[in-house]
Structures are given as C-alpha cells and as structure tokens.
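Here is the structure we will look at, set down as structure tokens.
Every number in this text was worked out from the coordinates using simple rules, so none of it is lab data. What you see is a predicted model, and the numbers here were worked out from it, not measured in a lab. Every residue, glycine as well, gets a Cβ built from its backbone with ideal geometry; the counts of neighbours run over all protein chains shown.
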Amino acid sequence: MYPNKLTVLVVDDEKSLRDFVKRNLEVRGYQALTAANGLEALALFESNAVDLLILDLMMPYMNGLETIRRVRQNALTPIIVLSAMGEEQDKIEALNQGADDYLTKPFGVGELLARVQAVLRRAQRLERPSAADRLVRGPLTADLERHVITLDQQPLDLTPTEFSLLVYFMENEGKVLPHQSILRHIWGPEYGQETEYLRVYIGRLRQKIEPDPAQPRYLLTERGIGYTFSTYG
C-alpha cells in the first residue's frame, strides 16, 4: 500500500501515546502501525514488512522485553524502547535483549524523531569511511560490500549496530577511541553521554570475537576514556 514509505510499528498500551507517535510519524512521511501489547505487535510484525519497532516495556499479555527477545530470534529490525523506567539497569537489560536505543518518558517529539532517523540511518548505512571494500585485522576480515565479518574464516552473527561498531574499531586499530567519539560516529550526532550503550555492545562483541571474553585480547578498555582495538599482540 505504501511501497516507498518506511513502516514503523508503535507498541504501547496507552492509546493516547500510540496515536501521538503515529500522528507525528505519518506527518513526516512514515507509515505507522500500532499495537496495544506484545502479542498484537508480534502478529503485526509477522504479517508486515516493518522497518522499525518502537515499544514500551510495561505492557499487558506480553511485556516489552519478551517482545524484543522474540523479535530478535528471527530479525535484525531496529528497536527503540520508550519507557517510564529510566534506571540504568532497565536500559542495560533492554539493550542486552537486543534493543538499539532507549528513550525515557516523558520525551519531546524532536528527540524521538532524531532517534528514529539515527536508528534507521545506522540500519541502512551503506557508505563507509574506508575506501577499501575489505578490511583484514588479525583473524578478523570485514567484507564491507556484503556486510559480513568473519573470525578465522567463520562468519559472525552480528546485528547492524554490532557490525558498524566492529568495523569502526577495525578501521582505527591501535587508536584510543573516546566514548563520545564512538557514540557519535556509530549512533549519531544526537548521542554522546550514553556510555551504558557501549558497555553492553562491547560486552556482546567480546562474547563473539574474544577467545576469553573475561580477559579480552582485542577490545581493550581504556578506563575513564574509551576503548582500543588491537590485534598486534
């Protein structure tokens, strides 16, 4: 019905908020679908080509965390959480389940739309800073055209954000990358203070590339500053 529009699925048990977000998305050219809970959301997700999922955590029948977990079993669709639960641990738990971003209620329309654009930009990003279409760093090889990274010639199962983050580290091997620089490069210029995002994603990458994630060899923490990637040692 809307072949040229990106489709956003908005999930919240509060109808006024669903309608508010839907209206602001549609006036800016998106197609917006809505659901009141996780069960409805999964049914719509499975029957529609959804480009972005926006959902609350506290919902009846199926909460947001379980909804994220089920979506992530089969799809890499970007996910933004909108929640009144603003504690750092809530954000970390949502990110660990597979959310790409987390916005605390109440929020402004401008901030929400900036986050929507940033998440979609990451998911659809085709251009890379490197002129090469292939990066080799120790046991890791990144095929930038196919969006595949292999470890010892075995493909890694990476989300779009994990792929972009690991490529950024590979392109900057040996450099100390500050938290703010990483956030702005990967998440977008709207970001800079969300260091908990980095802790979660670095932890996930270490699980996928390190021989011993508890004693990392490649992704090293520079305490109070940021991270360094190196395969020299």
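Can you put V27, V10 in order, fewest other beta carbons within 10 Å first?
V27, V10
Per residue and in Å³, how big is the convex hull formed by the alpha-carbon atoms of the chain?
On the way: hull volume 31.1 nm³, N = 233.
It is 133 Å³ per residue.
Which values of log₁₀ I(q)/I(0), to two decimal places, follow from the Debye formula for the stretch 31-99 at q = 0.22 Å⁻¹ with a uniform point scatterer at every Cα?
-0.92
Would you calculate a helix-derived [θ] at 222 nm for the chain, using -39,500 (n - 2.57) for each DSSP H run of n ≥ 4 and dividing by the full residue count, to the nearest 500?
-12500 deg cm²/dmol
Determine the relative contact order of the chain: mean sequence separation of Cα pairs under 8 Å and six or more apart, normalised by residue count, in whole percent. If you can, show how the numbers build up before the last one.
Values: 347 pairs, mean separation 28.7, N = 233.
Averaging sequence separation for qualifying contacts and normalising by length gives 12 percent for the chain.
Past 25 Å, Cα to Cα: identify those pairs from K175/K208; K5/K91; K22/K105; K5/K105; K22/K91; K15/K105, in the order given.
K5/K91; K5/K105
Output the relative contact order of the stretch 134-229, whole-number percent, from Cα pairs under 8 angstrom with separation of 6+ residues.
23
Can you sort I209, I92, I202 so the residue with the fewest Cβ neighbours within 10 Å comes first?
Numbers: I209 25, I92 16, I202 21.
Ranking I209, I92, I202 by Cβ neighbours within 10 Å, fewest first, gives I92, I202, I209.
Give me K105, K15 ranked fewest to most by other Cβ atoms within 10 Å of their Cβ, as a rough exposure proxy.
On the way: K105 13, K15 10.
Arranged by neighbour count, lowest to highest, K105, K15 become K15, K105.
What is the local net charge at S230, summed over the other residues whose Cβ is closer than 14 Å to its Cβ (Lys, Arg +1; Asp, Glu -1)? Walk me through the intermediate numbers first.
Working: positive: R137, K175, R206, R217; negative: E171, E173, E210, E222.
Result for the neighbourhood of S230: 0.
To check you understand DSSP bridge types, tell me what percent of the beta bridges within the stretch 7-124 (both residues inside) are antiparallel, rounded to 5.
In the stretch 7-124, DSSP labels about 0 percent of beta bridges as antiparallel.
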